[in-house]
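Everything below concerns the one structure shown next.
The values are calculated or read from the model by the stated rules, or taken from the named source; none is laboratory data. What you see is a predicted model, and the numbers here were worked out from it, not measured in a lab. FYI the Cβ positions are ideal-geometry reconstructions off the backbone, even for glycines, and counts take in every protein chain you see.
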Amino acid sequence: MTLKLYVDRRSHPCREVIIFCKLNGIDFEEVHIDLSKRQHLTPEFKEVNPMKQIPAIMDGKFKLSESHAIVKYLACAFPGIADHWYPADLYKRAKVESVLDWHRTNFPRGPGAYIRD
């Protein structure tokens with residue numbers, strides 16, 4: 001069964017999932033969802049993700065959305081993924097979670113939030 005990624009490469013969360021898959025040799029079928037054409041709002045895509053947001057994946061019958069949740073799932077679900085991506089060790093995993101939370105809060109704001117006069 002091929003992993004399906006529902007993405008628009010213009011979206012940084014989508015690129016995060018694509019890059020993770022490529023770095024770790026995870027085979028996938030890329031299903032382009034054009035945000036500018038509002039394809040994420042179609043009834044067909046709503047079957048994949050009722051929240052109508054990308055990225056989303058289908059791994060067999062299992063469906064998941066949100067880039068960080070997807071990456072964590074992939075790190076655990078696919079054999080041979082290096083432990084440093086999502087460590088089994090509680091302390092190391094907490095550090096990864098900390099960076100992911102920082103990323104979710106700060107990255108979408110862009111660099112303007114950090115530039116001071």
Scan region 73-101 residue by residue and report those that are basic (Lys, Arg) and either modelled with pLDDT of 95 or more or in a loop (DSSP other than H, G, I, E, B) (or both).
-> none
Residues 10, 15: which one is within 14 Å of the chain's Cα centre (by Cα), assigned to a loop (DSSP other than H, G, I, E, B) and basic (Lys, Arg)?
-> 10
Does residue 47 count as acidic (Asp, Glu), loosely packed, with under 11 Cβ neighbours inside 10 Å, in contact (Cβ under 8 Å) with a residue 24 or more places away in the chain and outside any loop (DSSP other than H, G, I, E, B)?
-> no
May I ask you to list the residues in region 1-30 that are of a type outside the set (Asp, Glu), farther than 16 Å from residue 74 by Cβ and at pLDDT 95 or above?
-> 9
Got at least one residue in region 33-42 being under 13 Å from the mean Cα position of the chain (by Cα) and surrounded by 17 or more Cβ atoms within 10 Å (Cβ to Cβ)?
-> no
Expected output for region 56-80 (first residue more than 14 Å from residue 96 (Cα to Cα) and surrounded by 15 or more Cβ atoms within 10 Å (Cβ to Cβ), partner basic (Lys, Arg) and at pLDDT 95 or above, Cβ below 6 Å, 6+ apart or cross-chain) is 58/4
Taking residue 52 as the residue in question, decide whether it is at positive phi, surrounded by 14 or more Cβ atoms within 10 Å (Cβ to Cβ) and either in contact with a helix residue (DSSP H, G or I) (Cβ under 7 Å, 6 or more places away or on another chain) or in contact (Cβ under 8 Å) with a residue 24 or more places away in the chain (or both).
-> yes
